[in-house]
Structures are given as structure tokens and as C-alpha cells.
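What follows is a set of notes on a single structure, which appears directly below.
Just so it is clear, none of the values below were taken in a lab; they were calculated from the coordinates. All figures in this text were calculated on a predicted structure; none of them were measured in a lab. Glycine also receives a Cβ, built like all others from the backbone with ideal geometry; neighbour counts cover every protein chain displayed.
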Amino acid sequence: MTAYESVRRRDPAFPALLTAIHDPPARLYVRGSGELAMLHEPAVAVVGARACSAYGRSVTRSLARELASAGLVVVSGMARGIDGEAHRGALEAGGRTIAVLGCGIDRDYPAAHAELARRIAENGLVVSEYEPGVEPAPWRFPARNRIIAGLCRATVVVEARERSGALITADFALEEGRDVLAVPGEITSGLSIGTNALLKLGAAPVTSASDVLELYGVVSAEPRRPSLGPVADVLLSRLQDSALTADELARSSGVDAGESAAALVELELSGRVTVEDGVYRAAI
């Protein structure tokens, strides 16, 4: 593929799901090494807050990793926060992901995600309805969200404040009769207001990747994980109850600090836990 190419709505390569929405774009500009056929393959949108929590980042990356491993194309908007983690999770799994821009196809927005855009384009696609040279503008991002939802059979919202742009994506999906799912959040967190509202309106809760894969008729292949040592088993059981720091784990489990540190490395390497800002969480 050259720097970018254009796919008109009447072209066979234009995705059928996107054609079916109320206001499909007249064309899509596309760049990346992925085949255009990727636009027709089973895809799931994973979106959420830009200013997300460590929990949201961890859940998103784990979820996207499992969905991509099962063969789904992960679609998001390459924004900071949840969107970026969705793309990274898919890439970590060696899977495919599509980034939808709210600016010209020749721009990487935000600029801080230029390297992420490069990685996405290596095996996936970056798409936009805007021609080269079009600057980002606030009103373009809600319009971009209809494309994210339109490319996918289902949209998953991980974290969203009351007026989050991710809720616009969910609204577009609902209007088109697509499935909307949401990750339940703490009732005291502002980042959970939007997602918990979606659940009250009937969105399906996501507690594992299998909740999403069932919609696509895909069975998740359980990864073969190495058995854990006794200390790692103890620590993992604690983390399945709540997220903890290394010191809190050592104190609550009664395990020697040195043994605890070694076991935490074992858990990280096996993919059983994630760590961010010094807080350990059991992987979903």
C-alpha cells in the first residue's frame, strides 16, 4: 500500500457495515500495511475516557489482548487513555487493530501517539474520512465516532464520565442496532458514571473477554499457562480480591518481602497480574 489510498462508498472494498449506517462517509482514506479486507472482518470497538484510571488502562489492555488473540479486529480512536490502551493490547497479542482519526489521514493525532500510529500501520490500518491536510477540530471527533461504531458489530465502553465522547460512540452503535457493552465501575468514581448509566439502560456487562466473544460465536482459546509456585498462588488469590501494592501484599499474606518480590515477578511474566503505579491487579 502507498502512503494512503482512498476507498469510495460505491467501491467493493468499502466496508458493508459502515455503508449501512445512517450517515456513512462518502469515502475512507486508508494507510497501513494491513489488507483492505480487514475492513470487512469481524471487529469490535473498544473506547473510553481519555483521562482514565490505572484500573481502566489495565482492563482495557487485557481485554483487547484477548479479543485480538481470538481473531477479532480491535477498532478505536487512537486518543489518549482507553483508546490507546485498546490498540496496545491488540498489538501485544500480535493481533490486528484499526485506528480511526478525527483529522486528515496524513496526521498522527495526538502527536504523542505517532509511534503508536506507526506500530498500528505495520500490520493494521489507520483510516479517516478526512483528506490529507485537514486539521483536528473538536467537532470532527463526534463525527469520527460514528465510523468507529459503524465498522463494528459491537462497541465496548470501559470508562466514561457523564459527558464522555465514548458515550457518543455508544449512542451511534445503539442507533444502528449494534450491541453495546460496558465494563462495570465503582459507583463512587466519576469515571463510572457513563458506563454504569449504560448498564442501567440495558447494555451488557463485560466481566471477561468471553462476554464479548460470545456475540461473535467465538470461543476463546484458553492460553496454556505454566503452573505457579506456592507463594505466587497465595499472592494471586489475594489480588483476585483487590488490587494491592507489593508492601500490602507482603503484609496481608505474611510472606517474606524477598519471596513476595520474586513471586510477583513470576506472576508478571506469566501474565497473571498487571502492575501500574506500583499497584498490582489480577489480569482479567
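Checking every one of the trypsin sites (Lys or Arg not before Pro) in segment 165-260 against DSSP loop status and a limit of 11 other Cβ atoms within 10 Å picks out 224. In units of the rule-of-thumb radius 2.2 N^0.38 Å, segment 173-221 shows an alpha carbon radius of gyration of 1.26. Helix 140-150 and the long axis of the chain differ in direction by around 80°, with both axes built from C-alpha atoms.
Building the convex hull from the alpha-carbon atoms of segment 90-150 and averaging its projection over directions returns 4.2 nm².
Note that segment 207-284, at 10 °C in a medium of 1.306 mPa s, gets a Stokes-Einstein diffusion coefficient of 118 µm²/s from its Kirkwood radius over C-alpha pairs. Here segment 128-175 and segment 57-86 have alpha carbon centers that stand 15 Å from each other. To the nearest ten degrees, helix 165-175 and the longest principal axis of the Cα atoms of the chain are 60 degrees apart. Three principal axis extents describe the C-alpha atoms of the chain; from largest down they are 65, 40, 36 Å. DSSP bridge analysis restricted to the chain gives an antiparallel fraction near 40%, rounded to the nearest 5. The longest stretch of the chain left intact once loop-based GluC sites (Glu not before Pro) with at most 12 other Cβ atoms within 10 Å are removed from consideration, loops following DSSP, is 1-161. Rg over Rh for segment 18-103 works out to 0.98, both radii taken from alpha-carbon positions and Rh defined as the Kirkwood radius. Compared with the dominant principal axis of the Cα atoms in the chain, helix 54-69 is inclined by about 70°. Is the shape of segment 133-209 rounded, prolate or oblate, going by the alpha carbon gyration tensor and its root eigenvalues a ≥ b ≥ c, with a/c under 1.5 for rounded and a/b larger than b/c for prolate? In terms of gyration-tensor shape, oblate.
Put a dot 7 Å past the Cα of residue 265, heading toward its Cβ, do the same for residue 197, and the two dots end up 4.7 nm apart. Pairs of C-alpha atoms in segment 148-284 farther apart than 20 Å represent 57 percent of all such pairs.
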